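Notes follow the structure.
Values quoted throughout were computed directly from the atomic coordinates according to the rules given, and no laboratory measurement underlies them. In this text, all values refer to a predicted model and were calculated from it rather than measured experimentally. For neighbour counting, all protein chains shown are included, and Cβ atoms are generated from backbone atoms with ideal geometry for every residue, glycine included.
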Amino acid sequence: MAFVARSLTLDLIRAEVLATGQVVADSVRCVQCGVCSYNCPIGLDVRAYVWCNAAIEDPRCLTCGQCIARCPRGVLRFAPTDHSRA
């Protein structure tokens, strides 16, 4: 039972992050290797967003985290979405 409760808690936390966050990068640390873009399941050019120091705001982004997980330098991360922007 404890495993199920813990799993449910982790799933709820993950769902909240995915619903309210977006992928952002520390562009200074990026070496433009392209691994993030190569591993994007829908083919977004993640590297271009990083190059421009912009959060990935493409509505097609699944926020699946593949680009984050595959980045060899740990440049990408999830961050809360700023809903106050116009």
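With label points built 7 Å along Cα→Cβ from the Cα atoms of A19 and R60, find their separation and express it in nm.
2.6 nm
How far, in nm, would the chain grow between R77 and W51 when pulled straight, counting 0.36 nm per residue and subtracting the alpha carbon separation? Don't skip to the end; give the middle numbers.
On the way: separation 26, 0.36 × 26 = 9.36 nm, distance 1.50 nm.
Gain in length upon complete extension: 7.9 nm.
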